[in-house]
Structures are given as C-alpha cells and as structure tokens.
C-alpha cells in the first residue's frame, strides 16, 4: 500500500492502528514487538512478531511498548511506528505528516520521545492528539458541544476518565486499573486458592465470560484446565461468576474511588450536563457485565457502553484526521 496524504497512528496497550485521511483505518495489528532476550535485538513487529513468538525453536520474548498508560520501551515503540509507516506507505520515498494519538497522562518527556520516534521512523512532521478527545469523537461528541460529556475509557493498560466540552479536554485523570490487572487478579486467585497454574489466555477468558462489576442475575459456570503447582500434572476446575465477582471487588472499588475523585474536580456549571446525560464508557473493559449498574447504584448517573467500545478511540481519531485541522496552517 502507498499513500500521498496524512497518516494517523494510534498505538494502544494491545493493538496498533493506522489510518489515512479520507480513507479510514487501513492498518490494525498487535502492538507487539519480538526481541531477542539476551541481546535486546529487535526481531519483528505486529503480526510477524506474533507469529515469531509462536515458534518454540526461535528464542524470543514479546514486548508491548505501552504499559499501564506509559511509554515503557522507546526502542520497541520506534520500531512499531516504523512498522506501521512502512506497511501503509510501502517502499516509496515519501515522508508523510503524521498525527499521533497518545494517552492524556503522558508526560512532556514521553510526548517528546514519541514524537522523536515518529520523525526517526520517517514522519515529516508530527501532531499530537489526545486519546480521550479521540474517544469522545468516536462516541459521537460534537466539537461544538458546549454542555460537555463525561467519557471513561477502560483499556488494557489503564483506565482514563475525562470531561470534554467545546472540543477540548476540560479534565483528565488516569488510574492503574486495567484489564491486564484484572487478568492478574484472576490468575493469582486460582493459583493461591486451588494450587493451580493457568495460562494468561485462560485468565482472560474467565474475565470475559464470567467477570462482572455487579452481581449477575444467574450464576454462570465455566470449566478450565491448567496444571498443579506442585508437580505440573494436568488440573481441572469449574469456576463460577459469583466467585469471579468477589475476585473483582478490589477493581470495582478502585474504579469507584477514582470516579468520585474526578466528579469532585469537574466545574460546577458542567454537573447539570453529567446528571442529565450521564457517562459514556469505551474500551474493552466497558463490555464487562454490570459496569453501568455499578455507576448508577453509587452515583445515580446513567451510563452506557459505546456500541463499538473497543474501537472508539481509533474511530474517533480517524474522524479527527479527516477534518484536516490537526496540522498547523504552515504545514499544509
């Protein structure tokens, strides 16, 4: 694929997206880089890295450059950005203007490092875009909406809370609560209570199928397999949603505490809009059962998960890129 226009790159905790102005999303691969453990040499990125890690004969480990809402590994981030640009632009000698969607919690140092990575990877210029503003566009917030909208993004690496109004982020906060954290809670619980080791994929499957922030009307059950801690022999277990609900209580408490903190910081003249319109939820974590009920029970606020919750940020980012207003006039 080759282009001659503006390019947008959004690298999340688990997935990397690339979009072209007026063409939409054209790239979607794992935000994964394979490296050689002993030397740190970067081997591959995206789907190629995923395939490489499946081969036991090739000694490598996977690195996700963004973790817990932070840029944790600059070299692999730069390689992933280079991978996106190469896949979209092809081998043509062309330096695109690049809009880069970053978490609102990034420090100035992290933003500069991310910008340098794009320039090093072949970008001509870089425009930084707020992830939560992109999420707002993705769920239908209008740039001229002066009343404001509360957005919560429950992502793989962190949970971000933001209030948007008139096309700006009025307030933004980030907590360490993430889908990866919940997976770890489930993994640790199974290991500690049942002396059983399960895979990360099994922990995530338990979360997706049984996980809940609010008690379910019916207790669901799921059969899982793993191995005994002591001797490594196969182990089998049936877990239920009531049990997983108990495991997830610390996550629910952390979510509520941060939401209460954010609501207290929102300017008083915007509270009427929140009381009326409530909260819009995005990110994969918003698909877990009961998050809307949890919010309403504790704050009497209506909440709704976006129908395309897992792609809200990427979709909104593309809309912002299409507008043609992300780059300075002098760069046109």
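Things worth noting here:
- GNM top mover of 130, 199, 13 - the chain, alpha-carbon springs below 10 Å: 199
- For segment 141-305, DSSP calls about 75 percent of its internal beta bridges antiparallel.
- Rounded to 5, percent antiparallel among DSSP beta bridges of the chain: 70 percent
- Protection proxy ranking of 115-127, 280-292, by the mean of other Cβ atoms within 10 Å over each peptide's residues and highest first, is 280-292, 115-127.
- Spin-label pair residue 22-residue 260: with each label point 7 Å from Cα along the Cα-Cβ axis, the two points sit 5.2 nm from one another.
- Among 201-207, 211-217, sorting by the average number of other beta carbon atoms lying within 10 angstrom of each residue, highest first, gives 201-207, 211-217.
- Using 0.36 nm per residue and subtracting the Cα-Cα separation, the extra length available between residue 166 and residue 67 on full extension is 32.6 nm.
- Dividing the mean sequence gap of close Cα pairs (under 8 Å, 6+ apart) by how many residues segment 141-305 holds gives a relative contact order of 26 percent.
- Note on segment 221-270: Rg/Rh from Cα positions, Kirkwood definition for Rh, rounded to two decimals, is 1.36.
- Convex hull volume per residue for the chain, taking Cα atoms only, in Å³: 147 Å³
- At 1.306 mPa s and 10 °C, Stokes diffusion of segment 40-123 via Kirkwood alpha-carbon radius, µm² per second: 114 µm²/s
- For segment 257-302, the orientation-averaged shadow of the C-alpha convex hull comes to 3.4 nm² (one quarter of the hull surface).
- Simple label model, 7 Å out from Cα along Cβ direction - residue 124 to residue 201, nm: 4.4 nm
- Linear extension gain, residue 216 paired with residue 293, 0.36 nm per residue minus alpha-carbon span: 26.7 nm
- Using 0.36 nm per residue and subtracting the Cα-Cα separation, the extra length available between residue 242 and residue 54 on full extension is 64.3 nm.
- Packing, as the average of other Cβ atoms within 10 Å across residues, places the peptides 236-243, 156-163 in the order 156-163, 236-243, highest first.
- Computed Kirkwood radius, in angstrom, where 1/r is averaged over Cα pairs of segment 197-242: 11.5 Å
- Normalised Debye scattering of segment 141-305 at q = 0.12, 0.19 Å⁻¹ gives log10 I(q)/I(0) of -0.58, -1.12, counting only Cα atoms as equal scatterers and leaving out solvent.
- Rg and Dmax, both from the Cα atoms of segment 280-332 and both in Å, are 16.2, 50.
Read the figures in this text as sums done on the coordinates, not as results from a lab. Only a predicted model underlies this, so the values are computations on that prediction, with no experimental measurement involved. Quick reminder, even Gly has a Cβ in these numbers, built from the backbone with ideal geometry, and neighbours come from all protein chains shown.
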